[in-house]
């Protein structure tokens, strides 16, 4: 999740004649918009490797402020006073996609001349670094620290007694990969194939799988643990040799065996490997951690290894207010402002000689239509189509967590990087298909399909928005009727047993 924190002053492109909108994807987690100028086709960006990470990572702060020493802790970080007037590429948002793209793209890496990279890249990130060791520990999987999030609250929800909820959107270097639950799952093949059905060739599962594999390396668990808990995986079908590390913890809660049996008893199918496209039923899922059980994410997998790239610079604590265009509607520069300064405060303009690449926060982009931003050329749907990812938790009292003997044992084990503290939110999922969850599923699907979408969609939606939504609804309802796609995701770990 990236930058674009001040949607009221941003001017994202809606459509530009002579521009190629390489990718526009909106989901509950990520919005990706790449703006390209009028360059020959060999300049096209290969976005897939960066995108693949950002999709299944569905992924440390004691240090705020700037390090002026370019060879210090954050050797690519610069202060405002170190900004150049222009860069070849400006990346807006230093989240999980914004950090990956400049480090894997053959185009942005460009040709290395001696010890220098020829083309310069500036990443502008609204958040800061979080270098606290705790943010790398599995325990951080359930701790969403306010300092790493946008201060965002939902509107009152009439169906929930007008209660408001927190909108979880990362504002930190590494974005969502820094604060996520470290449950390293992917969608089912049907999920991705639906994108392709809606007119996006090359975005089906078979096309994306090679990039998923290219992004991550899986290390199997201890043999005795795998045997005891029947942990299964399929490396050839799902995994490759990439920088993000995935493995299973050193320990599992024994009562997870009972939960596995329960899923079998109610007819939920068991799959050996969910990441190979079979993300339905119940299956094991690794954590995105290395073999010492530390978070593996966009920053330490992609950005930190690029420390010797003299052409790559990162400015933190700044928002992009506006993308500026030339008279022929070519993205030319960005206007940036320090985080925490008042509206109308001094801004800095930085020019992009080649491209401006936006990796924007989905939760912020939905404000675009209501912000009074002038439209250059209309592309219906920009700033709409954000779809909620609701979650429901179950609270219960546990005697084990508060047991002094157990706590002492767990603490001692963790000094050896073992035991319960190596577990995050858990490593098993039940993604239950609708026909299993609700046998009269067909009635529900038919009723939903018969609804007039215009009666419940936002009033800002025009005919094109409604048409697009209805097309999405059709493919989603088709998936709801299938047994190879789940409608609810239930993580389970056996933890906290009484």
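What follows is calculated from the coordinates using simple rules that are stated; it is not laboratory data. What you see is a predicted model; the values in this text were computed from it and never measured. Glycine gets a Cβ as well: all are built from the backbone with ideal geometry, and neighbour counts include every protein chain shown.
In which sequence would 315, 99, 400, 160 go, from the one with the fewest C-beta neighbours within 10 Å to the one with the most?
Numbers: 315 23, 99 35, 400 16, 160 10.
Ascending Cβ contact count within 10 Å gives the list 160, 400, 315, 99.
Tell me the Kirkwood radius of the range 298-410: reciprocal of the mean inverse pair distance over distinct alpha-carbon atoms, in Å.
About 19.3 Å, per the Kirkwood formula over Cα pairs.
With the cut-off at 1.5 for a/c, could you classify the range 391-498 from its C-alpha gyration tensor as rounded, prolate or oblate?
Verdict is prolate for the range 391-498.
Once label points are set 7 Å from the Cα along Cα→Cβ at both residue 86 and residue 219, what is their separation, rounded to one decimal in nm?
4.6 nm
So, R0 is 45 Å and r is the distance between the beta-carbons of residue 155 and residue 228; what FRET efficiency does that work out to, to 0.05?
Result of the calculation: an efficiency of 0.40.
Which of 213, 459, 257, 163 has the fewest other C-beta atoms within 10 Å, and how do the rest follow up to the most?
459, 163, 257, 213
Starting from the 7 Å offset along Cα-to-Cβ, what nm value, one decimal, do you get for the label separation of residue 378 and residue 450?
Placing both labels 7 Å beyond Cα along the Cβ direction yields 3.4 nm.
So for 432, 179, fewest C-beta neighbours within 10 Å to most, what's the order?
Ranked by crowding around the Cβ, least crowded first: 432, 179.
Please list, by residue number, everything in the range 232-251 whose backbone N is under 12 Å from a paramagnetic label point 7 Å out along Cα→Cβ of residue 417.
So the set is 250.
Under a crude label model (7 Å from the Cα following the beta-carbon direction), how far is residue 304 from residue 139 in nanometres?
1.9 nm
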